[in-house]
Structures are given as structure tokens and as C-alpha cells.
Amino acid sequence: MSKNQNNYTVASAAHKQIEKLRNQINKANYQYYVLNYPELPDSEYDRLLHRLQQLEAENPELITTDSPTQRVGHKPLSAFVQRSHEIPMLSLEKALDDNQMHQFDQRVREKLDQQTIVYSCEPKLDGVAISLLYENGELIRGVTRGDGETGEDITQNIRTIKTIPLKLLGAGWPKRLEVRGEVYMLKADFDKLNQTIALKGGKLFMNPRNAAAGSLRQLNSSVTAMRPLKMCCYSVGVFNGELPKDHYNVLQQLQKWGLCISSEIKLASSIKECIAYYNALLTRRNLLPYDMDGIVFKVNDLQLQQRLGAVSRAPRWAVAYKFPAHEEITTIEDITFQVGRSGAITPVARLKPVFIGGVTVKNATLHNMNEIKRLDVRKGDTVVVRRAGDVIPKIISVVMSKRPQNTKKTALPKICPVCGSQTQQEPDKAVVRCTGGLFCPAMRKEAIKHFASRRAMDIRGLGSKLTDQFVDRQLICSVADLYRLTAPMIAECEKMGEKSAENLIQALNKSKKTTLERFIYALGIPEVGETTAAALSHYFGDLTALTITDSETLENIDDIGPVVAKNIVSFFKQPHNREVVEQLIDCGIHWSEPVSKKSSGVNQEKAPLENQTWVLTGTLESMTREEGKAYLVALGAKVTNTVSAKTTAVVVGKKAGSKLAKAQSLGIQVMDEITFTQLLKELNSSPP
Ligand code: IVH
């Protein structure tokens, strides 16, 4: 191949790549600015733009005036009146590491020929840039940044934002004053808004910035009015009149006139201090109620700002030190299903590992089938993953344009992926459950892990991996089996030795002494958390009474509604659960009476059989003796095994023996089963 041909090939390859990048970027701009539903995360967009800039720098003859590198922002939508900015709204130079910050500082100092520079430090809010125009203190116009030269007139929408004064406070404002800032949404408000939209079956916003942009660009301002938007001002554009001579004091002045500014603004007298500020805010990033995508540093002295001027769309006096991105794109290698303690099957996306905000993310929850349907997410898809703070990584959208051919819709599993039992869809169709119950090893493992957890039975040293081994090796089937483990059985497991086995046995023994509320919580009754467990313990004061109670009684207890009541009743109705509870007690689990039995404000009434002593004898037909005892205890009676002069009454079932004779000889009231159940009904304690 001749040299010429070779050059030609390189140039045409670059040309093709440039064309492709321009198309991708133009499309992304359209989705972001016009549709408010971007497909690509900012990080990916930035990479595309950067790549295009690089290629254009290498091949300057290929630069065209319509290349997306030649303008920042977008062409405004025609639905709003377009307004040109008297002073262009510039963008910011970016710094990605400390080194680039030092370079920025060095350039500033060299240009100004000055050793020290005072910088103002402020969060870079992740929202939408707007410009407000006040004339004689009155808000007359609100315009989006648009492409920096021209924006959209959204005055009507701006006027609905409560943190924007329609009339400036105080006095002394310049006759004309243009204030610039960011319209944003608090993270909590964004979550609430999305919840409301979800209830109506609408399309969710991807992130708070996206929600702010979509809300601002509503053609109907009454929609904007209902959106929780806020504005934070960060600079002044045109003004006729007097203003303070430095940025920091300009912002303080704006605040006095009733405009919001960031409460985090600080001055720094060196780039080192700026970097320290950056690190401090990066640490607190997740604690702040709004999204920030970095920190903006500005030369504080306005005269110095003027002297520095701007280069191609960005001022030389400011820099944005970016935070690691919250959102990245990656692909879904597989969608698997996990079975939880309650049998709920949760879809999990297995991702091609992706680095997001300092952590490698490999999995993202897909919550339930509704979520899968909403996103139409499939194996093989390219997706945007968001990991904000310590929140579990979440897939927020599918990049449809990157979907490979022949992908299959993700279907809900008809059988449990762990035990093969049929699955069942809840009436709302969102949750699919395994019907295997405790037959399903996944549910069993989760139930045992919950039982052993710190706030339940607190079995130290019984971690998740060891529990999995116990179940997989069939050493245990239920929580009661834990107490039948022996040191040699434990020592056989991986990563266990004699010493650790012995320690676990001791921990198991130690856990036997517990409290009734911990025990109830440990049983893992659906939706019975610690608070409910404590309420039940106080109310019943006794396990047997709880095991035979009914929904009506339960619903009398504060905070227990029909669903939880039903869960409790049906839990104790299941023979398997009763058996396990009995076995646990037999294994030696015990507790002392709760201090405030029946005194927690849930039931202050005097119990009908208080101070009475009852005896049950013979075989009862409609209930077991344990249940009969539980009813009596629930009504306040003491139940003993021997008949004495102190006995109030004796309930006699079939084949009653010496106790009946003794009661008769002492003249104590004797009651047959029918009379007994009648009495229970009268006392509102009907059998379960
Ligand atoms: S100053 C010439 N300060 O960042 C300087 N911008 O990339 C103009 N932003 O469009 C901007 N917080 O939307 C400045 N405290 C802050 C900011 C901020 C967020 C956004 C703004 C602008 C973009 C620049």
C-alpha cells in the first residue's frame, strides 16, 4: 500500500468515527434537552464529547461549524419563546484530579502575576441553569441557559417556584439585575415525586436533575407549580448599578435581597485549602439533601475575574472539580432470581463489572416484576446504573439503541429457582413467591440467618456462609436443629476447627437465655419486626397466649392492623411452626416475664380471671390442654397441675382421673368442655 493510500485510509477512518460520534452526541443532546429523557449517563456523554474533541484536534480539517464541539448546550425547543442572553452563559472548565487543580491555580497566578489568590468554594448543584431578570426589584423574566447564547423564556414556570422572590426584598438593588443560578430538586422530594408518578402509572424521572429539567419545561405552568423546585443563585449577569466588589459579597447581598444562595460557600486562600474543601464535601456528599456533581472554585475578586477573561466558552477564573459520577453504563450478563425469607423472589441483574463512584458494581437489584416490566430490561441489554451514596445500585434505564437483536423479554420464573416448587403471583402481580415454604432451602437458610441475627437470638459466630453450609450438608433443617448441633458436626464444616466449633456451641447455649420479645422477633413471622414483637410480648406476657390468639384480639394492640394480625394467626396455625416453637422451648430456650406485662398502655383493663387458679385435666376435644391453658392465661388466670383448696375451678375432659375426684371432694367448681368453651366465648376469647 502506498503512503498516500495509507493516509487516505486513516483520514477516512477518522472521518467515519467523527461522524458517528457527532450523531451519537446530537442524539444524546436531543434526548437530554428536548425530551428530558436522556439515554446516556453524563459520564458516557462526557467521554463521547471528549473523544470527538480529541479526534477533531488531530484532524482540524474535519471540524465543521455544526459539530457539537462548536457549541455548548442545545438549540432550544420552539414551544417556548427564545431569548438571547445579553451576556452569554458560559460553562466551566473541568478538573478531574488534584493535579489538574494545581495546574488551574498555576495558570491563574501566572496570568495575574500574583502569589496568592482567594477562591470562593461552592457546591456544583446538579440541576438546570437559569437566568432571572429583575427590573426595579421586580422579576420580569426567567430564561433557561439553552446553548449559552439563547435560552427559552420560562417566566411563567419560574414564577411558581417559591424560593424565587417575585419582588426583591430591602432596597438598593441595581435598576436592572440579572441573577443566575441553578434550579434543582431535593433528593427526598424527587423520591416522593416519583412515588406519586408511579402510583398514577406514569413515566418515572431518572434522577433529581432530570426531574427538575422536566418540571421547568412544562408548557402548562400549573404542572410546574406542583413540582417541588428550588433555586440556588451563584452569580450575577447584567446589572446597572452598584454591587460589592467580590463574588462572595455579591452572593451575600443577593441573599439579603431574598434570593437563596448555598449555605456551604466558603473562601479559601490557597488551592490546597480548595482541595481540602473538596474532600470535606465529597465525604459529606451523601448526607446533603441535594445532588452535587462537584465543587466550583472561582477567583473571588471580580476585578481579577475581568482581567482573566474567558477562553472558548469557559471563564479562566473558575474551575469545576468533578465528583466521581453516580451513573455509568454497562451491560447485563444475566438476570437471576433470589429467594428471600418470605419466599419473595427478587430479580437481580448480574452486570459486567463497572466502577461507579469508587466501587466496583457487579449486581443491581431489579426489585420485582413491575420494575422489570417498567424498564423492559433484558439479558444482553446496555443499561444505566446509578449508585448514589450507600444506596444499593439500581438500574435506571435501558439504552434501547444498544439492544442486541433477538433478546427475549424477561419472564417471571414459574418454578422456584432453588427448590423447584411452583411460584405464586401476589394479587398485585408485582411479587412472585416460592410456595415451597420451609421445604425450600433458600427460605430455610434465610429464616435461620434471621433467627440467629444480632437483634434476634444473637448467636455469635453463626454467619451467613456457615448457615448455608449447615443447610447444604443437611445438618440442620429448622432453627430448632441449631440447638442439636454438636461440636464434631460443626468442626466438619469448611473453615471450622475444634475451637471455633466449641465457641459456637457456647454461643448457642448463651443464646438460650433471651427475652420473649427477641424470641417472637426471631421467629420471623412475616411483617413482625422488633417493634411489633415488643408490643406482642408486653400484651400477652406469655408465649402460649400469643400462639392461640385471634385476629380480633391482635387488632386491639396499637399499630397491629389486619394484615399483621392475619400473619401472626396463620403462622401459629401451621403445625410445623408450632412444632418448631415447642422444640425450641424443649431445647431450653427461656426468658423471664416481661417487666410490664399488660401495662404498656395496650390493655389497661382488669383481666376477667385475674387472681384465679385453674386446673385442666383429661383430654379435651376442641383444643389441646396447652391451648386451654393459653386461653386461661390470656384471661389473667394462673394454671396449675394440682388441685388444692386454692383452686378456683377444674376443667375436665375425657378420661379425667384423680383430679376430678379431688375437686369433688373439696367442693371445687368442676366444668366440662362445653361449659368451658361457652365461658371462653362469653369472655371474648373464642378458640382460633
Ligand atoms: S458558575 C461562568 N457556580 O454548572 C461560570 N455554575 O458547567 C458559570 N453550576 O451551567 C457557572 N452550580 O448549571 C457556577 N455554584 C455554581 C454552580 C454552577 C452548578 C452549573 C451551571 C452551569 C454549569 C457549568
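Please give the peptides 164-173, 222-231 ranked by average Cβ packing (other Cβ atoms within 10 Å per residue), highest first, as a rough proxy for protection.
Top to bottom by mean Cβ count within 10 Å: 222-231, 164-173.
Which values of log₁₀ I(q)/I(0), to two decimal places, follow from the Debye formula for the chain at q = 0.05, 0.09, 0.11 Å⁻¹ with a uniform point scatterer at every Cα?
-0.41, -0.95, -1.15
Taking 8 Å as the Cα distance limit and 6 or more residues as the minimum spacing, I'd like the relative contact order of the chain as a percentage.
Result for the chain is 8 percent.
With only alpha-carbon atoms in the gyration tensor, what are the semi-axes of the equivalent ellipsoid for region 257-326, in Å, largest first?
23, 15, 13
Within region 609-686, what is the number of lysine pairs with alpha carbons under 17 Å apart, leaving out pairs fewer than eight places apart on the same chain?
Lysine pairs meeting both conditions in region 609-686 amount to 9.
Determine the sum of side-chain charges near L302: Lys and Arg each +1, Asp and Glu each -1, restricted to other residues whose C-beta is under 9 angstrom from that of L302.
Around L302, the surrounding residues sum to -1.
What distance in nm lies between label points placed 7 Å from Cα along the C-beta direction at D586 and N249?
If labels sit at D586 and N249, their model points lie 8.5 nm apart.
Round to the nearest 0.05 the FRET efficiency obtained for I674 and A491 when R0 = 60 Å and r is the Cβ-Cβ distance.
0.60
Using a Förster distance of 41 angstrom, determine the FRET efficiency expected from the C-beta separation of Y37 and D113, and round it to 0.05.
0.25
If pairing requires two Cys Cβ atoms under 4.7 Å apart, which cysteines of the chain are left without a partner?
If one checks each Cβ against the other cysteines of the chain, C121, C232, C233, C260, C274, C477, C493, C587 turn up with nothing under 4.7 Å.
What FRET efficiency, computed as 1/(1 + (r/R0)^6) with R0 = 45 Å and r the Cβ-Cβ distance, is obtained for C260 and K16, rounded to the nearest 0.05?
Efficiency at R0 = 45 Å is approximately 0.40.
Return one number: the angle in degrees, 0 to 90 and rounded to the nearest 10, between the long axis of the Cα atoms of helix 498-511 and the longest principal axis of the Cα atoms of the chain.
Between helix and principal axis, roughly 70 degrees.
As a test of the formula, what do you get for the chain when each DSSP H run with n ≥ 4 contributes -39,500 (n - 2.57) and the sum is divided by the residue count, at 222 nm and rounded to the nearest 500 deg cm²/dmol?
-11000 deg cm²/dmol
Extent of region 189-283 along each principal axis, from alpha carbon coordinates, in Å, largest to smallest?
Largest to smallest, the principal-axis extents are 51, 38, 18 Å.
Please report the relative contact order for region 442-565, taking Cα pairs under 8 Å with a sequence separation of at least 6, and give it as a percent rounded to a whole number.
22 percent
Using a cut-off of under 20 Å, list every residue of region 647-683 whose amide N is near the label point 7 Å from the Cα of T640 along the Cα-to-beta-carbon line.
Counting only backbone N, you get 647-653, 657-671.
Would you list which lysines come within 20 Å of K465, measuring only between C-alpha atoms, while excluding same-chain residues fewer than 8 positions from it?
List returned: K362, K445, K449, K495, K499.
If the chain between T331 and K373 were fully stretched, how many nm would it gain, using 0.36 nm times the residue separation less the Cα-Cα distance?
13.3 nm
Output the peptides 103-111, 372-380, 547-555 sorted from most to least packed, where packing is the average of other Cβ atoms within 10 Å over each peptide's residues.
547-555, 372-380, 103-111
Within 12 Å, Cβ to Cβ, of G561, how many net charges do the neighbouring residues add up to if Lys/Arg are +1 and Asp/Glu are -1?
With Lys, Arg at +1 and Asp, Glu at -1, the neighbours total -3.
Using modelled backbone amide H atoms (1.01 Å from N, in-plane), which distant-in-sequence or interchain residues come within less than 5 Å of A310's amide H?
For A310, whose amide H was placed from the backbone, the distant partners under 5 Å are R316.
Pull up the cross-link candidates among the lysines for K266, meaning alpha carbon to alpha carbon under 30 Å and not fewer than 8 places away within one chain.
K94, K111, K124, K162, K167, K175, K187, K230, K245, K256, K298, K322
For region 359-371, what does the Karplus curve 6.51 cos²θ - 1.76 cosθ + 1.60, with θ = phi - 60°, yield as ³J(HN,Hα) per residue in whole Hz, taken in order and with x for Gly and Pro?
Working through the residues one at a time gives 9, 7, 9, 10, 10, 9, 6, 10, 6, 7, 5, 4, 5 Hz.
Read the figures in this text as sums done on the coordinates, not as results from a lab. Nothing here was measured: the structure is a model prediction, and the numbers come from that model. Ideal geometry is used to build each Cβ from the backbone, glycine not excepted, and the neighbour counts take in all protein chains shown.
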